[in-house]
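Q: Sharing a structure with you now.
The values are calculated or read from the model by the stated rules, or taken from the named source; none is laboratory data. In this text, all values refer to a predicted model and were calculated from it rather than measured experimentally. Positions of Cβ are generated from backbone atoms using ideal geometry, with glycine treated the same way; all protein chains shown enter the neighbour counts.
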Amino acid sequence: LPIQNSANRVPLRSFLVKIVGLFSIKIKGTKNAIYLVCMENCLSELQGLTPEHVFDLKGSKAGRYVKPECSGKAKGVLKDLNWKESLLKIRMPKSILKNIKEALTRDVNMMRAFNIVDYSLLVGVNTEDVHNRRRFWISVI
């Protein structure tokens, strides 16, 4: 989601991804069903860029590290301790940070009201902007 609509400067309302479908699949001959949630792609192309790295952040350290492969790089979706190890920082003006905090607070309060306790802040990072700036994609899943 964009931080603000540049034309109207509309405050960001939410980082929650849109759920487009909920499915229950029961395979013949098995006892239990499998439940699936289909969500919008929150890491889609933005101004010709796609994320180089994706982090699933939960604010925990337990089991929150993806080990590097023999190339020395971790692949796939990375976790909290990989973020810390990367030394990546998201810098932004205080007004935008305030807007983001308010949106995340609304999202967390809504999830708390529905007893949803397993959620993540999904952060995509691209470091190869033509202006030598980083681009970030942020959603709550």
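Q: Within region 40-63, work out how many residues are without any contact (Cβ under 8 Å) to a residue 40 or more places away in the chain and touching a strand residue (DSSP E or B) at 6+ places or on another chain (Cβ under 7 Å).
A: 1
Q: If you check S24 against the conditions, is it more than 22 Å from R135 (Cα to Cα) and modelled with pLDDT of 80 or more? Break it down stepwise before answering.
A: Numbers: more than 22 Å from R135 (Cα to Cα): yes; modelled with pLDDT of 80 or more: yes.
Against the criterion (more than 22 Å from R135 (Cα to Cα) and modelled with pLDDT of 80 or more), S24 qualifies.
Q: Hey, among V37, V20, V66, V117, which residue is touching a helix residue (DSSP H, G or I) at 6+ places or on another chain (Cβ under 9 Å) and in contact (Cβ under 8 Å) with a residue 12 or more places away in the chain?
A: Details: V37 fails: touching a helix residue (DSSP H, G or I) at 6+ places or on another chain (Cβ under 9 Å); V20 fails: touching a helix residue (DSSP H, G or I) at 6+ places or on another chain (Cβ under 9 Å); V117 fails: in contact (Cβ under 8 Å) with a residue 12 or more places away in the chain.
That would be V66, the only listed residue that is touching a helix residue (DSSP H, G or I) at 6+ places or on another chain (Cβ under 9 Å) and in contact (Cβ under 8 Å) with a residue 12 or more places away in the chain.
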